[in-house]
Amino acid sequence: MFRAIRHLSTVSAMRLADVVIIGGGPAGLTLASALKASRSTSQLKVELIEGGKLLEGLREFGNSPPEDITNRVVSLTPATVNYLEKIGVWDFIRYERIEEYDNILAYDGVTNSRIEFEHVGIATMCENLNLQSALLAKIEDLGESGCPLDIHDSTKVVGIDSAGNGWPVVELDNGERIQTRLLVGADGFNSPVRKFAGIESRGWSYNRWGIVATLNFKVDSFRQITGWQRFLPSGPIALLPLPNDMASLVWSTTPELANVLLKLSEEKFAAMINAAMKLDPEEMKYLYKLAEEDDNSLVDSISWRLSLFNNKLQPEQHELYPLEIESLVPGSRAKFPLKMSHADTYVGPRIALVGDAAHTTHPLAGQGLNMGQADVQSLVNCIETATERGLDIGSTLALEPYFSERWPINNAMLGVVDKLHKLFSTDFTPVVMARSFGLDVLNTVPFVKDFLVDRMSSK
C-alpha cells in the first residue's frame with residue numbers, strides 16, 4: 001500500500017532502495033506514478049522525498065478544491081495528456097477545473113501582424129494542484145493494489161554522498177539514510193542532485209519577471225475558446241482560457257514594471273491588462289508612467305483610450321481581440337524570475353535529471369512542464385527496458401538512451417524559445433518589419449502552421 005512517512009526519529013540504519021526521487025512536483029510525482037503503473041517496474045522499491053508539506057494540501061484539493069481556479073496553471077500538450085491517460089492518472093483529474101481549447105492567436109504589439117493556430121485540442125489548461133492531486137490519487141490507488149511507494153513528506157535532504165560500491169546515499173533531516181541504485185533529481189533549478197553529480201548547467205537570466213494571476217472575463221459578446229498572446233517590446237502577455245469565463249494571465253515584463261504592476265489596486269491592474277492587449281506600445285509607455293505614480297486618473301485614461309480603439313474597429317474585427325478583463329481573483333497575483341538553463345548532460349553514474357533540474361525555459365511557448373513530462377516518459381522507458389533485460393537500472397548503459405533522446409530535442413526547443421524572446425523583445429524597425437513580414441507569410445501557409453502545431457503539441 002501507499003505509505004506517507006513523516007519521521008521524528010533520530011539516526012537510523014541505512015536502508016536500500018531501487019529508485020529515490022528527490023522532488024514532489026509534477027515531474028517527480030509523474031515518474032513515481034509511471035514506475036508503479038508499469039508491469040515491468042511496479043515491484044521496484046521506489047521512494048520519493050519532498051521538502052514541502054505536500055500530501056495534506058493535495059488531499060485537501062482532491063476532496064474539496066477552492067471555488068476559484070488557483071494561479072499556478074499549465075498548458076498541457078496532447079502528448080502530455082495522452083501519457084497521463086496511458087499511466088492512468090487522467091482518470092483522477094477534476095474535469096470541471098480544466099479547459100481544452102482549439103485556437104491560439106498570437107500578434108505583434110508593434111505592427112499587429114498575427115498568426116493563428118487552429119487544431120482540435122491544441123492544449124488543455126490545468127492547475128498544477130489538479131495535476132499533482134491526480135498523481136497522488138493514482139499513487140494511492142496503486143498502493144492499494146499491492147504496489148507500495150514511500151513518500152517522505154516535509155522531509156529535507158541534508159546531504160548526498162557515495163557508498164563504497166558507488167551507490168548514492170541520501171541523508172534526510174530526520175536522520176535516515178537511503179542507499180539507492182538510481183537517484184533521480186526532479187528537484188528544480190537549484191537541484192542538489194545535479195550539484196552532487198557535478199553536472200554543469202549553463203544559461204542566463206532574461207532580466208524579466210513573469211506575473212501570473214487568475215482573471216474573470218467581462219462576457220459581453222461571443223469569443224471562441226482561444227489562447228491569446230501579444231508580443232510587446234517589454235515582453236509577451238498571454239491570456240489563456242479557464243473554465244467558467246475565467247483566464248490565466250502570464251505577463252512577462254521588466255523587473256521595474258513588474259514591481260509597478262504588482263503594487264496597483266486590482267481595478268487598476270485589470271485595466272492595465274486590457275490596455276496591454278490592445279493599445280500601442282507608445283500609449284503603454286504613458287500608462288506605465290501613470291501606473292508608477294499610482295495616478296487616480298489611470299483607469300479613466302485607459303477606458304477613454306480603449307473606447308477610441310474599439311470604436312475604430314469594424315464589427316467583425318472585435319473577434320481579433322480577447323474579451324476585456326472585468327476583475328481578478330483576490331490574492332491571485334504573483335511573480336517569478338524568467339531564465340533559460342540547460343544541463344550539460346541529464347545522466348551520470350546512478351544519476352538522472354528530469355524537468356527543471358535539467359532545463360528551464362521562458363514561458364512564452366508554454367513548454368516547460370511538457371518538456372519535463374516527456375523527460376519522465378523517456379526515462380521510464382529506459383528503466384523498463386533495463387529491468388526487462390536484466391540490466392542494472394543505474395548503469396550508464398541503461399541511462400544513456402534517455403540522455404541521447406531527450407537532450408537534443410530539449411536543446412532545440414530551448415533555442416527556438418530563446419530566439420523568439422529576443423526577436424520580439426525589440427522595437428528596432430528593421431527587425432520589427434522582418435518579423436511582421438514573417439508572421440503575415442506564415443499565417444497564409446497552412447502546412448507550415450500544421451507543422452508548428454505538431455511541434456508545439458510534442459507530436
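Among the residues that make up segment 220-230, is at least one of them of a type in the set (Gly, Ala, Ser) and loosely packed, with under 14 Cβ neighbours inside 10 Å? Among the residues of segment 220-230, at least one is of a type in the set (Gly, Ala, Ser) and loosely packed, with under 14 Cβ neighbours inside 10 Å, which makes the answer yes. Does segment 37-58 contain at least one residue that is closer than 23 Å to Glu384 by Cα, under 17 Å from the mean Cα position of the chain (by Cα), of a type outside the set (Ser, Thr, Tyr) and modelled with pLDDT of 95 or more? Checking segment 37-58: not a single residue is closer than 23 Å to Glu384 by Cα, under 17 Å from the mean Cα position of the chain (by Cα), of a type outside the set (Ser, Thr, Tyr) and modelled with pLDDT of 95 or more.
Among the candidates Ser145, Ser133, Ser162, which residue alone is buried (at least 21 other Cβ atoms within 10 Å of the Cβ) and of a type outside the set (Asp, Glu)?
Of Ser145, Ser133, Ser162, the one residue that is buried (at least 21 other Cβ atoms within 10 Å of the Cβ) and of a type outside the set (Asp, Glu) is Ser133.
A count restricted to segment 220-236 and to residues that are part of a strand (DSSP E or B), more than 21 Å from Thr429 (Cα to Cα) and either out of contact with any strand residue (DSSP E or B) (no Cβ under 8 Å at 6 or more places or on another chain) or of a type outside the set (S, T, N, Q) (or both) stands at 2.
Of the residues Ala270, Ala258, the single one that is more than 20 Å from Pro337 (Cα to Cα) and either of a type in the set (Ser, Thr, Tyr) or in contact (Cβ under 8 Å) with a residue 12 or more places away in the chain (or both) is Ala270. Residues in segment 264-303 that are under 18 Å from Leu215 (Cβ atoms) and not hydrophobic (A, V, I, L, M, F, W, C): 7 in all. I'd like to check something: does segment 244-265 contain any residue that is of a type in the set (D, E, K, R), under 16 Å from Ala276 (Cβ atoms), surrounded by fewer than 23 Cβ atoms within 10 Å (Cβ to Cβ) and modelled with pLDDT under 95? No: segment 244-265 contains no residue that is of a type in the set (D, E, K, R), under 16 Å from Ala276 (Cβ atoms), surrounded by fewer than 23 Cβ atoms within 10 Å (Cβ to Cβ) and modelled with pLDDT under 95. Taken over segment 399-435, the criterion of being over 28 Å from the mean Cα position of the chain (by Cα) and part of a helix (DSSP H, G or I) is satisfied by Thr429, Pro430, Val431, Val432, Met433, Ala434.
Whether any residue in segment 411-426 is at pLDDT 90 or above, surrounded by 14 or more Cβ atoms within 10 Å (Cβ to Cβ) and touching a helix residue (DSSP H, G or I) at 6+ places or on another chain (Cβ under 7 Å) is what I want to check. Scanning segment 411-426, I find at least one residue that is at pLDDT 90 or above, surrounded by 14 or more Cβ atoms within 10 Å (Cβ to Cβ) and touching a helix residue (DSSP H, G or I) at 6+ places or on another chain (Cβ under 7 Å), so the answer is yes. Filtering segment 49-81 to residues that are in a loop (DSSP other than H, G, I, E, B), under 14 Å from Ser133 (Cα atoms) and free of Cβ contacts under 8 Å to residues at least 60 places away in the same chain leaves Ser64, Pro66.
Which of the residues belonging to segment 390-408 are among the small types (Gly, Ala, Ser) and either within 17 Å of Gly355 (Cα to Cα) or surrounded by fewer than 14 Cβ atoms within 10 Å (Cβ to Cβ) (or both)?
Hits for segment 390-408 are Gly390, Ser404.
The values are calculated or read from the model by the stated rules, or taken from the named source; none is laboratory data. Everything numeric here is computed off the predicted structure, so don't read it as measured data. For neighbour counting, all protein chains shown are included, and Cβ atoms are generated from backbone atoms with ideal geometry for every residue, glycine included.
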